[in-house]
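A short write-up of the structure that comes next.
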Amino acid sequence: MIRDITIGQYYQTDSVLHRLDPRVKLLGTLLYLVSLFCFHNPAGYAVALLFLILCIRLSHVPFGYMIKGMKGIMMILMITILFNLFLTSGTVLVSFWKITITVEGLKLAITMALRLCMLIIGASLMTLTTTPNHLTDGLEKGLRFLKVIKMPVHEIAMMMAIALRFIPILLEETDKIMKAQLARGADFESGGLVRRAKAMVPLLVPLFVSAFRRANDLAMAMEARCYRGGDGRTKMKPLIYAGRDYAAYLILLAYLVISIFLGRWSVMTELLTSL
Amino acid sequence: MAIIVDHLNYIYGQDTEQAVHALQDINLQIPDGQFIGIIGHTGSGKSTLMQHLNGLLKATSGTIYYNGQDIYDEDYKLKDLRSHVGLVFQYPEHQLFEADVFSDVCFGPKNLGLSKKDAELRAFEALRKVGFPEELFYTSPFDLSGGQKRRVAIAGVLAMKPDVLILDEPTAGLDPKGREDILGMVKSLQRESGMTILLVSHSMDDVAEYVDRILVMDHGRIAFDDIPRNVFSHVEELEEMHLAAPQVTYILRDLEKAGIDVDENATTVEEAASTILQAFGIK
């Protein structure tokens with residue numbers, strides 16, 4: 001039941017995108033997301049969309065699988081579209097009863113929907129092609145410079161790795177506990193808010209007990225293997241940039257230059273004429 | 001006929017790439033009062049089948065009839081079914097949540113809509129039946145030993161007074177003594193109350209002594225469905241399914257090969273002992 005959520009999950013396959021250094025993907029995703037907010041005209045979006053399609057093709061992740069994960073945000077998407085469509089003032093396109101749709105509203109709704117979709121697909125493309133371990137490794141190494149201002153980068157990365165690792169385990173456990181209590185006649189579905197909240201107690205208590213037990217076991221196992229934090233710790237598979245990573249950085253740069261140049265054409269021309 | 005399973009199929013993760021056909025065309029009749037052992041390797045579908053019997057999982061195709069009623073009928077109340085068919089899961093940690101043992105056992109009967117007094121009476125009775133010591137009634141269930149936790153978990157389901165009791169690997173993780181205690185307790189439960197009991201296990205030695213009938217599951221199918229001595233005669237096939245016949249079967253086979261006239265089909269330790277003694281002319 002809870003396992004249908006694919007957003008943020010890793011998709012096991014082999015592709016160039018999967019093999020890319022996580023730091024490239026992290027920075028790339030960040031820049032891509034920022035770039036989506038810089039455009040002023042359709043040309044920019046067209047370039048961004050093209051780039052996204054190219055990346056999806058490269059990733060070998062089935063498009064249907066990605067879309068399935070989008071179901072959860074359908075609600076937000078609809079609300080965004082409707083609000084922009086009906087509540088933007090400007091030249092009236094159609095008007096009936098109390099509802100008016102303006103040209104500006106229509107444009108805004110389309111751009112917002114497009115932007116939101118590309119935002120989410122872009123971000124999920126990273127998680128789909130990067131294992132949680134790789135991701136935290138990338139974060140740890142990519143954010144190493146923050147150590148200068150005494151940020152516990154390694155500890156944060158470790159916590160993230162552990163948290164991500166335990167999500168599927170706890171989901172499975174929730175499923176089992178739910179079944180065990182259902183077998184004892186528990187009812188999680190009917191009744192008002194208070195009754196439903198109360199019905200969660202037989203689910204949450206065993207879940208917390210087991211989470212604490214697991215945390216304890218994990219701490220013990222880490223200590224038994226002499227874990228002492230990040231100082232002087234080496235990696236079995238250290239992150240080293242390869243040729244393809246530099247190539248990816250170049251492609252990313254090219255994308256940024258082209259898309260921002262096209263997407264902000266009006267601003268650019270103004271800038272050029274003023275010179 | 002208490003339970004009839006009719007052409008049951010179940011597919012995990014249907015419509016995905018990782019779809020697993022967990023149950024394939026299961027047909028089964030479970031009469032009242034029988035003590036049945038369900039044996040299978042990990043992933044053979046035994047637990048999946050058990051979760052169908054009380055409606056926790058819904059079959060992809062096929063139906064289950066409980067006392068003549070189709071449990072997948074739209075107006076059939078699954079909550080009622082769950083009070084008739086009690087299922088105790090493998091890990092008691094998954095169901096214990098109250099501050100003390102006694103109120104935890106009360107949870108089931110309370111869910112049936114019984115009054116506090118009736119629920120407490122049933123809890124008391126159930127805890128007595130599983131042989132739980134009275135002085136521990138008000139301790140936290142989390143402080144108990146593995147075997148005691150298991151008793152409380154079984155009592156928690158027994159307190160709902162089910163007609164059919166399904167125990168999913170009730171002996172997993174227990175030492176030999178604890179295992180024997182639990183199995184003996186289950187057997188006496190069955191003898192006294194005439195309940196239908198389904199005991200899931202992956203060890204033949206666990207069930208050989210106690211059950212009337214054995215179901216062997218393999219890759220989502222029922223491989224054997226017979227009385228213990230007939231099932232154990234298929235030693236080679238069982239081994240192919242990564243299962244083993246009880247230890248006594250192996251000893252008796254070796255003895256017979258060595259030319260000693262013993263009854264190879266003895267299933268329990270007592271039967272084996274008597275046939276060996278007989279073969280040596282000792283009464």
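More than 17 Å from A:A183 (Cβ to Cβ), surrounded by fewer than 24 Cβ atoms within 10 Å (Cβ to Cβ) and either touching a strand residue (DSSP E or B) at 6+ places or on another chain (Cβ under 9 Å) or more than 12 Å from every other protein chain (Cβ to nearest Cβ) (or both): does that describe B:F137? Against the criterion (more than 17 Å from A:A183 (Cβ to Cβ), surrounded by fewer than 24 Cβ atoms within 10 Å (Cβ to Cβ) and either touching a strand residue (DSSP E or B) at 6+ places or on another chain (Cβ under 9 Å) or more than 12 Å from every other protein chain (Cβ to nearest Cβ) (or both)), B:F137 qualifies. Within segment A:252-267, one or more residues are in contact with a Phe, Trp or Tyr (Cβ under 7 Å, 6 or more places away or on another chain), assigned to a helix (DSSP H, G or I) and aromatic (F, W, Y). Going by the structure shown, is B:I64 at pLDDT 90 or above, in a strand (DSSP E or B) and under 22 Å from A:E189 (Cβ atoms)? When the stated conditions are applied, B:I64 passes them.
Being of a type in the set (K, R), farther than 28 Å from B:I166 by Cβ and in a helix (DSSP H, G or I) holds for only one residue in A:R165, A:R214, and it is A:R165. Residues that are at negative phi, within 12 Å of another protein chain (Cβ to nearest Cβ) and modelled with pLDDT of 85 or more do occur in segment A:160-172, at least one of them. Within segment B:27-56, restricting attention to residues that are farther than 23 Å from A:L182 by Cβ and among the polar types (S, T, N, Q), the residue that is modelled with the lowest pLDDT is B:T42.
Each residue in segment B:100-113 was checked for being under 19 Å from A:A199 (Cβ atoms), surrounded by 19 or more Cβ atoms within 10 Å (Cβ to Cβ) and more than 7 Å from chain A (Cβ to nearest Cβ), and 5 of them qualify. B:H94 fulfils the conditions (1) touching a residue at least 24 places away in the same chain (Cβ under 8 Å); (2) touching a helix residue (DSSP H, G or I) at 6+ places or on another chain (Cβ under 7 Å) except for a single criterion, (1). When segment A:220-244 is filtered for residues that are surrounded by 11 or more Cβ atoms within 10 Å (Cβ to Cβ) and either at pLDDT below 90 or in contact with a Phe, Trp or Tyr (Cβ under 9 Å, 6 or more places away or on another chain) (or both), the ones remaining, listed by number, are A:Y227, A:G230, A:L239, A:Y241, A:A242, A:R244. Is there a residue in segment A:128-149 that is within 30 Å of A:T13 (Cβ to Cβ), away from chain B (no Cβ under 14 Å), not hydroxyl-bearing (S, T, Y) and not in a helix (DSSP H, G or I)? The answer is yes, given that some residue of segment A:128-149 is within 30 Å of A:T13 (Cβ to Cβ), away from chain B (no Cβ under 14 Å), not hydroxyl-bearing (S, T, Y) and not in a helix (DSSP H, G or I).
Filtering segment A:174-205 to residues that are more than 9 Å from chain B (Cβ to nearest Cβ), within 21 Å of B:L114 (Cα to Cα) and crowded, with 16+ Cβ neighbours inside 10 Å leaves only A:A199. Scanning segment B:83-99 for residues that are facing another protein chain (nearest Cβ under 8 Å) and outside any loop (DSSP other than H, G, I, E, B) yields B:S83, B:G86, B:L87, B:V88, B:E93, B:H94.
The values are calculated or read from the model by the stated rules, or taken from the named source; none is laboratory data. Just so it is clear, the structure is predicted and the values come from calculations on it, not from any experiment. When we count neighbours, we look across all protein chains shown, and the Cβ atoms used for this are built from the backbone with ideal geometry, even at glycine.
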